[in-house]
Amino acid sequence: MSPVALCERPSAMQPRLAATPDFAVAPRAVDRNVFIAAMARAVTGVWILATDGPEGRVALTVSAVSSVSADPPMVLACVNSRHRVRDAVLASGHFALSLLTDDRADLADVFAGRPAAGQPHDFDRAEWRTDTTGSPLLVGAAACFDCVLASSVVAGTHTILIGSVVSAIRAAGSPLAYSDRAYVRTTPLGN
């Protein structure tokens, strides 16, 4: 089986990728631990990906989020294919991304499944609202994107969820970042 394959769409009405991407697999891959250590050096935003549908509200902290296109507005997020949020998004056909502010590292841990206190994945730990799709958007997030699932691609252990953005919000607050296995703050460099 190819390391990259399309996931089945929940509805024939939703767009699909035209063909399975042709990703080359290196004949001799780098050592897994070296790869993970090198990737840990990257600075990423800390997001909560959430959906609400047949499986109820489900959310997960993610750091692999990127813009795909401005015309039309599209984003992507990578989630572990074994996590239930992946199946919930495929079933609902929509998801929301909320960029945490630097005072909400506690919430990142809650939706990563490792809260300092209380239950993991507990929506009662924050205030939420909905917009066009009905997916939960975090009130007070630095930015939010409400998305209709456009396509998904399985790549290795993860699924890349590509969303067509139907609403976007930019709010106040400094975004929370993650680097070297720790939460960090972003500050502008001086001249």
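The values are calculated or read from the model by the stated rules, or taken from the named source; none is laboratory data. None of these values were measured; they are calculated from a predicted model. Neighbour counts are summed over all protein chains in view; Cβ atoms, including those assigned to glycine, are modelled from backbone coordinates with ideal geometry. SASA here: full protein model, heavy atoms, side chains in, ligands and nucleic acids out. Shrake-Rupley method; radii C 1.70, N 1.55, O 1.52, S 1.80 Å.
Annotations for the structure displayed:
- Hits in the stretch 47-62 (condition: open to solvent by 40 Å² or more (accessible area, probe 1.4 Å), out of contact with any Asp or Glu (no Cβ under 9 Å at 6 or more places or on another chain) and either of a type in the set (A, V, I, L, M, F, W, C) or modelled with pLDDT under 95 (or both)): PRO54
- Within the stretch 156-191, considering residues that are part of a strand (DSSP E or B) and of a type in the set (D, E, K, R), the one surrounded by the most Cβ atoms within 10 Å (Cβ to Cβ): ARG185
- Hey, ASP124 among the charged types (D, E, K, R) and assigned to a loop (DSSP other than H, G, I, E, B) or not: no
- Check on GLY93, touching an Asp or Glu at 6+ places or on another chain (Cβ under 8 Å) and touching a residue at least 12 places away in the same chain (Cβ under 8 Å): no
- Near pairs, Cβ below 6 angstrom, 6+ apart or cross-chain, from the stretch 159-181 (at positive phi) to any residue that is surrounded by 14 or more Cβ atoms within 10 Å (Cβ to Cβ) and not in a strand (DSSP E or B): GLY173/ALA142
- Considering residues of the stretch 109-141 that are more than 13 Å from ALA50 (Cβ to Cβ) and open to solvent by less than 70 Å² (accessible area, probe 1.4 Å) only, the residue nearest to the chain's Cα centre (by Cα): ALA112
- Boolean, ARG57 is among the charged types (D, E, K, R) and either touching a helix residue (DSSP H, G or I) at 6+ places or on another chain (Cβ under 6 Å) or assigned to a strand (DSSP E or B) (or both): yes
- Scanning the stretch 94-108 for residues that are open to solvent by less than 10 Å² (accessible area, probe 1.4 Å) and either in contact with a Lys or Arg (Cβ under 8 Å, 6 or more places away or on another chain) or in a strand (DSSP E or B) (or both) yields PHE95, ALA96, LEU97, SER98, LEU107.
- Within the set VAL89, VAL75, VAL85, the sole residue that is in a strand (DSSP E or B) and open to solvent by less than 40 Å² (accessible area, probe 1.4 Å) turns out to be VAL75.
- Search result, residues across the stretch 114-154 that are modelled with pLDDT of 95 or more and of a type in the set (Gly, Ala, Ser): ALA126, GLY134, SER135, GLY140, ALA141, ALA142, ALA143, ALA150, SER151, SER152
- Near pairs, Cβ below 9 angstrom, 6+ apart or cross-chain, from the stretch 18-40 (modelled with pLDDT of 70 or more) to any residue that is in a helix (DSSP H, G or I): ALA29/PHE35; VAL30/ALA38
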